Amino acid sequence: MESNKVIENKKAKKKRNSQLSDTWLRLRKDKLALVGLTILVILIFVAIFADFIAPYKYDAQDLSNILQAPSSEHIFGTDEFGRDIFSRVVYGSRISLQVGFIAVSIAVIIGGFLGAVAGYYSGKIDNFIMRAMDILLSIPQILLAISIVAALGNGLTNLMIAVGISSIPQYARIVRAAVISIKNEEFVEAAKATGSGDLRIIFKHILPNCLAPIIVQATLGVALAILTAAGLSFIGLGIQPPTPEWGAMLSGGRGYIRDYSYMTLFPGLAIVITIFALNVLGDGLRDALDPKLKN
Amino acid sequence: MGDRLLEVRNLKKYFKTKEGMLHAVDDVSFNINKGETLGLVGESGCGKSTTGRAILRIHEPTDGEVIYNNENILKYDKNKKKKMLRKMQIVFQDPYSSLNPRLSVFDLIADPLYVNKIYKTKSELSDRVKEVMDLVGLEQRLINSYPHELDGGRRQRIGIARALALRPEFIVLDEPVSALDVCIQAQILNLMNKLQEQLGLTYLFISHDLSVVRHVSDVIAVMYLGKIIELSDYKSMFIDPKHPYTQALLSAIPVPKVGAKRERIILEGDVPSPVNPPPGCGFYGRCKYREDICKEKTPELLNIGEGRYVACHFVK
């Protein structure tokens, strides 16, 4: 009997994992999420080692070889200045991934925090925060981003800040709604009864239970952020040529789309693949973070 | 009679609603002695749970005093309140929604210890968690399980373990068994009784189920529309209920005997709305003894001798 108990305890100890490794174990069972994760890792790898992967420099012009179709020399073809599109897509991953992730991080962190505070405290604080969000929402997102970049000046950092700030209201609204639906659960009262502070209750008990909508919105948001950044680059704010950026390449190739569609095809594909990878990974992560769905 | 541990004086909790003030708990007073159980009964929406939560300041009371160990805990600041909560805990009604679905059994029970920084090392913490699990009869192998994997009885044991982790003296049991089926109810009630003897706990036992309350309580208080209308030791309450509402309530308990006959008092009408209640007795509209005075004057909870208190103009 006694030895049985010891064995049982040992088992329990062995099984005790941190939440992180628990999540990983569950994520590993989700094949599609693993595909997404792999693609994302490759993309990040490409962005970091762009200097070694790209066969040409991203701004190397070869005016005798403009608008070439894909060939063994230029596997994605060349653009109107004879620049190698493959190299530009590779270098472009740096900017696009940065803009996508950092802008969304800004929006999720600030918007999520504001939304959580508004939802949790309700009353005057809620009204104040959400009316401020309504003001932001009433301005079209791209217009808002334009005015922020115009105020802060050009540049990658300012672009990310602009795109981030302009999508804060979405996250604030989603998080607020989710927090309101959770905060009256009894386990929140139980946490209050044990003397937990408000911040601990929000971060440990409420937010983990409303991750699903946040993750879904954030993975879609990365795509949206890349496109918004592209839009800004297109009107001359944000990323300046010749720096490659997927969105800017897309809009740059727009004029040639009928005869030289590969100019838009490849950067477009890059965006599609990134977003696809993020979405499946986000779905998988959402399920993996929920112990209820553990099989 | 033991020493007085908790004294509730004129406790009030009003909620603002669109229609007006909702008097959830209206001028409630009672005492609980150390090591005893006060059973608080009443129908749904009469303010039982709100009373329990107001005592622990989960919902801040509107007015009144809660005197615990000769100190008014409603005057405590944030730090003192946190210390107070170590001594006073609560077990919730629904073992499904009172446990955070994202946390494992270990994390759920360790959370109060962690929040109050009771233990410095991890091994001390996990020893205490295991100790509490033994205390409430939870198998050690469940330590990494999540609540959704367990049945209602085990979940409620987790809820009890969480409350016990901080070594409290006083526990509010907010309908701890009403979400469980009958045989599990008995298990949990026996566990409560065992823990009370073992640890010298004092309970405020909130329930709508009279047979359950009878099983555990030393003193019973009956609530109706935010007020206590009758308070007495459990024996005399069941033998000789004084208030017409209590009489009706007790006559509704099924008798476990074939062919047993008893007089049932069927109440007519509904509970009036607790929003902006008119003066007078809350039971006025449903009482068969009603007279004009009941409509004008709210009866007070008066001592009628032998430690019994009744709020009715006609019980002396």
Next on the checklist: Starting from the 7 Å offset along Cα-to-Cβ, what nm value, one decimal, do you get for the label separation of A:Ile257 and B:Lys34?
Outcome noted: 8.3 nm
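Run the numbers on segment B:1-144 and let me know its relative contact order in percent, using alpha-carbon pairs under 8 Å that are six or more apart. Each step should come with its number before you reach the end.
On the way: 161 pairs, mean separation 28.0, N = 144.
Result for segment B:1-144 is 19 percent.
Could you calculate, for segment B:224-276, the ratio of the Cα radius of gyration to the Kirkwood radius, expressed as Rg to Rh?
Working: Rg = 13.5 Å, Rh = 13.0 Å.
Taking Rh as the inverse mean 1/r over Cα pairs, Rg/Rh reads 1.03.
Taking N as the number of residues in chain A, what is its alpha-carbon radius of gyration divided by 2.2 N^0.38 Å? Provide the component values of the computation, followed by the final result.
On the way: Rg = 23.4 Å, N = 295, 2.2 N^0.38 = 19.1 Å.
Taking the Cα Rg and dividing by 2.2 N^0.38 Å, one obtains 1.23.
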Item to check | Calculated diffusion of the protein assembly as shown, Stokes-Einstein form, Kirkwood radius summed over Cα pairs, 4 °C and 1.567 mPa s, µm²/s | outcome: 45 µm²/s
Item to check | Equivalent ellipsoid, segment A:35-140 (semi-axes from 5 times Cα gyration tensor eigenvalues, Å) | outcome: 45, 17, 9
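Could you pull out the pairs from B:Lys87/B:Lys235; B:Lys80/B:Lys122; A:Lys292/B:Lys122; B:Lys13/B:Lys81; B:Lys18/B:Lys227; B:Lys12/B:Lys48 whose alpha carbons sit more than 24 Å apart here? The partial results should precede the final answer.
Values: B:Lys87/B:Lys235 29 Å; B:Lys80/B:Lys122 26 Å; A:Lys292/B:Lys122 26 Å; B:Lys13/B:Lys81 18 Å; B:Lys18/B:Lys227 22 Å; B:Lys12/B:Lys48 12 Å.
From B:Lys87/B:Lys235; B:Lys80/B:Lys122; A:Lys292/B:Lys122; B:Lys13/B:Lys81; B:Lys18/B:Lys227; B:Lys12/B:Lys48, over 24 Å: B:Lys87/B:Lys235; B:Lys80/B:Lys122; A:Lys292/B:Lys122.
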Checklist entry - Which percent of Cα-Cα pairs in segment B:4-242 sits in each 10 Å bin, short to long? => result 7, 32, 36, 20, 4, 0
Checklist entry - In segment B:4-242, with Lys and Arg counted as +1 and Asp and Glu as -1 at Cβ, which of these residues, B:Ser44, B:Leu74, B:Val25, has the Cα nearest the positive end of the dipole, that is, farthest along it? => result B:Leu74
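How high is the relative contact order of chain A, in percent, with contacts defined as C-alpha pairs under 8 Å that are six or more residues apart? Working shown, then result.
On the way: 409 pairs, mean separation 75.0, N = 295.
Over chain A, the number comes to 25 percent.
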Checklist outcome for this item: Proxy exposure order for A:Trp24, A:Trp246 (fewest C-beta within 10 Å first) is A:Trp24, A:Trp246
Item to check | Rounded FRET efficiency, nearest 0.05, which uses the C-beta distance separating B:Lys295 from B:Tyr119 and R0 of 56 Å | outcome: 0.45
Item to check | Fewest-first ranking of B:Leu6, A:Leu265, A:Leu143, using other Cβ atoms within 10 Å as the exposure measure | outcome: A:Leu143, A:Leu265, B:Leu6
Checklist entry - With +1 on each Lys and Arg Cβ and -1 on each Asp and Glu Cβ, how big is the dipole of chain A about its Cα centre, in debye rounded to the nearest 20? => result 1400 debye
Item to check | Local net charge near B:Glu131, Cβ-Cβ under 13 Å (Lys/Arg +1, Asp/Glu -1) | outcome: 0
Item to check | Neighbour-count ranking [beta-carbon atoms within 10 angstrom, fewest first] of B:Tyr76, B:Tyr224 | outcome: B:Tyr76, B:Tyr224
Checklist entry - Hey, what's the Kirkwood Rh for segment A:58-202 if you take every pair of different alpha carbons, in angstrom? => result 18.4 Å
Next on the checklist: At 0.36 nm per residue, and after removing the present C-alpha to C-alpha distance, how many nm does the segment from B:Glu7 to B:Asn276 gain when stretched out fully?
Outcome noted: 94.1 nm
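Can you tell me, using C-alpha contacts under 8 Å and at least 6 residues apart, the relative contact order of segment B:4-242 as a whole percent? The partial results should precede the final answer.
Details: 447 pairs, mean separation 69.4, N = 239.
Computed over segment B:4-242, the figure is 29 percent.
Taken together, the values in this text are just the output of simple stated rules run on the coordinates, not laboratory data. A quick note: this is a predicted structure, and the numbers were derived from the prediction, not measured. Cβ sites come from the backbone with ideal geometry, for glycine too, and all protein chains shown count toward neighbours.
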